[in-house]
Structure formats: C-alpha cells, structure tokens
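Here's the structure, in structure tokens; my notes come after.
The values are calculated or read from the model by the stated rules, or taken from the named source; none is laboratory data. Treat the numbers as computed from the prediction; the structure is a model and nothing was measured. Ideal geometry is used to build each Cβ from the backbone, glycine not excepted, and the neighbour counts take in all protein chains shown.
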Amino acid sequence: MGIESPYIRPRRLRATPAVRRLVAETRLHPAELIMPMFVREGITEPIPVSSMPGVVQHTRDTLKKAANEAAAAGVGGIMLFGVPAVQDAVGSEGTNPDGILQQAIRDVVAEVGDQVVVMSDLCLDEYTDHGHCGVLAADGSVDNDATLLRYAEMARVQADAGVHMVGPSGMMDGQVAVVREALDEAGHQDVSILAYTAKYASAFFGPFREAVGSSLKGDRKSYQQDPANARESLRELELDVAEGADLVMVKPAMAYLDVLRQLADHSPVPVAAYQVSGEYAMVEAAAANGWIDRDRMILETLTSIRRAGAGQILTYWGTEVAQWLRNS
Ligand code: PBG
C-alpha cells in the first residue's frame, strides 16, 4: 500500500448521509427517554428554575399539560419530583397520602398512565428541612436504618397513589430490599423498582437543589459514591439486583460513561442513565452565550450515553428531543 494511495478507506462509510444512516450503530428513540418533572405545592403559576432555563416547577394543572405533551411526543416515561410547601426533620410530607407527589402521581396516571410509565422519586431530600436524603441520628449523621423505615412508608403511599415504578435515590444500604418488601406486603407486587445504583456525590446536581427547594448545608459524601471510584458501582449493582431491582441506573451520566459501560456489560437487568441538572445547565448556558450548537450538542450527548450502554435515559430535554425524533 502506497502512503499516497491507501486501498483501505474507512471514509467510504462516512461519505453520504445515506451510508452514514445505514451503518449507524446507535439510534435514539423517544420510547427510551424519561422526562423528569417537578411539581410544587400551593402555587398557581409555574415557577421557572433559573439555573435550568426551560425547566419549571409545575402547578398541578401545568404538570398535567406537560405530561400530555410528553406522552404525545412518545417519551417512554415521566419521573415525578414533589416540592412540598412544608419541610421538617423527618420529611413528613413524603409519606402524606395527600402530599404533593402523591397528588401528582394520581393526576399523571389519570392523564397518561395508559401511554407512559409513571415514575416517582423515592427520597427524602425534597421533604426534609436539613436537606439530607434521610433522617438524622443524634450526632447529625444520616441514620441508614431509620431512613429505611421512612422509605418503606414512602413506597407504600406512592404505590397506593398508583405509581408504576418507584425510584429509590437516597443511596441508603438495603433500600431496594426494604422498598420491595414494603410494596409486596401492601399488595403492590406489580410496582417495579428503578434503583439508583451508582450515584455519585456530584457537583452536577447543583441546579437540582434549586429545582426542589432543597436547603442542604454540607454534602452527601457519607452516602453517595466517591467520584474517584468505579469498582464499588459493581458491588452496588450486585446488591441492587439481589435485592430486587428491576432496572438499575447510573447518575450523573456524561462524567461517568466508564461506569455506565461497566454496568451495562455486567447487568442482567436494563441499565438507565440520568443526564442530570448540571449537565443540562452547562449546555443551556453555553448555548445562551452562542458558544455551541445547542441542538447538535444535545443529540451528541444523548447518543454518547446510549453508546456507552444506557438503555434508557432520563433527560430534561426528553419531550423536546422526542418531538425532534418524531419529526425527523
Ligand atoms: C435525590 C435526587 C437528586 C437528584 C435526583 N434525585 C439530588 C441529590 O441526590 O443530591 C438530582 C437530579 C439532577 O441533578 O438532575 N432525591
């Protein structure tokens, strides 16, 4: 082979839109997208989340509208987060059968429950006044086993409200087993569990704190994983699958594609990824400055997350991207 005339030419498969389309290994589909939505108690107009341009805290009415838009665009799921009017030390509103999240579950199931999978965040940080994902022990640390009792109760009220899939996201040891047992004992054998399996103590969750009105002081490093570590994600995978997880998730997504790939290679259940608030905010902020091509970058990030092994992706662009995909 002469250097001036190679006979192996990979560029042939890149030459035209038709051939690129033919050989693409990764495709995005609306059904794999899950749209997170925030609903806030006691408001009459939606409130924009300033650190996430385009994202709002919904009223119950605008949530229904957004759920219908998402379903019409063909998304596979909607993940609901409740923002209560009152927070306290144990997160009482999280287990109030008429709490905002439970109302939202009933609303969204009634609107679009026959078309999409309705999911709910199962965690206490939206509900506690100290902002931690669990209840505190006397010394101020997050009490794992006392928190599990609260999660069991949350699972029951969310399932009673009709949710299809719960997402325990607090990174307490044993949370999937406790949630599974609570659901089964209450007759909710058919409610499934999307386990936050590899969840890191991440700066990428920053804008989410504003979205749910969480006033966390300090950090979550004593229960969320160290960004330095990949191996313990495999241990969490084993545990969550053994405890009864139906799907497992990696979070955040883009800074953890190696972890996602490892879980995808080892998991016997579907592996999802959460493109979190900070990932969204970075792209929107750069786009607002005219520094990047917003739409291309959104599709590239989602394609990369799929390529790394995610079967499902939670993304705040879920409805919009589903609409693009439908129209293309
Ligand atoms: C916990 C929870 C968090 C997110 C989803 N579920 C916050 C945290 O663990 O600190 C973050 C999602 C995002 O940043 O988009 N309830």
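Data table
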{"quantity": "Tabulated pairs, the stretch 118-133, first within 16 Å of Met172 (Cα to Cα) and in a strand (DSSP E or B), second within 8 Å of the ligand (Cβ to nearest atom) and at pLDDT 95 or above, C-beta under 8 angstrom, 6+ apart or interchain", "calculated": "Asp121/Phe81; Asp121/Gly167; Asp121/Ser169; Leu122/Gly167; Leu122/Ser169; Leu122/Gly170"}
{"quantity": "Residues satisfying the stated conditions in the stretch 100-117, i.e. more than 22 Å from Gln175 (Cα to Cα) and either within 16 Å of the ligand (Cβ to nearest atom) or of a type outside the set (Val, Ile, Thr) (or both)", "calculated": "Ile100, Gln103, Ala104, Arg106, Asp107, Ala110, Glu111, Gly113, Asp114, Gln115"}
{"quantity": "Test: residue in the stretch 234-249 that is under 18 Å from His132 (Cα atoms) and either buried (at least 17 other Cβ atoms within 10 Å of the Cβ) or at pLDDT 95 or above (or both)", "calculated": "no"}
{"quantity": "Residue that is nearest to Val39 (Cα to Cα), among those in the stretch 172-218 that are within 9 Å of the ligand (Cβ to nearest atom) and assigned to a loop (DSSP other than H, G, I, E, B)", "calculated": "Val212"}
{"quantity": "Subset of the stretch 118-132 (residues that are within 20 Å of Ala159 (Cα to Cα) and either within 16 Å of the ligand (Cβ to nearest atom) or among the aromatic types (Phe, Trp, Tyr) (or both))", "calculated": "Met119, Ser120, Asp121, Leu122, Cys123, Leu124, Asp125, Glu126, Tyr127"}
{"quantity": "Residues of the stretch 246-269 satisfying the condition of being away from the ligand (no atom under 16 Å from the Cβ) and more than 28 Å from Gly54 (Cβ to Cβ)", "calculated": "Asp246, Asp258, Arg261, Gln262, Leu263, Ala264, Asp265, His266, Ser267, Pro268, Val269"}
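Let's see how each residue does on (1) crowded, with 21+ Cβ neighbours inside 10 Å; (2) acidic (Asp, Glu); (3) over 21 Å from Val118 (Cα atoms):
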| residue | (1), (2), (3) |
| --- | --- |
| Ala253 | yes, no, yes |
| Gln275 | yes, no, no |
| Met282 | no, no, yes |
| Ala286 | no, no, yes |
| Gly290 | no, no, yes |
| Ala308 | yes, no, yes |
| Trp317 | yes, no, no |
| Ala322 | yes, no, no |
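Conditions tested, residue by residue: (1) farther than 24 Å from Gly174 by Cβ; (2) within 15 Å of the ligand (Cβ to nearest atom); (3) touching a helix residue (DSSP H, G or I) at 6+ places or on another chain (Cβ under 8 Å); (4) charged (D, E, K, R).
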{"position": "Ala230", "(1), (2), (3), (4)": "no, no, yes, no"}
{"position": "Glu279", "(1), (2), (3), (4)": "yes, yes, yes, yes"}
{"position": "Arg306", "(1), (2), (3), (4)": "yes, no, yes, yes"}
{"position": "Tyr316", "(1), (2), (3), (4)": "yes, yes, yes, no"}
{"position": "Arg326", "(1), (2), (3), (4)": "yes, no, yes, yes"}
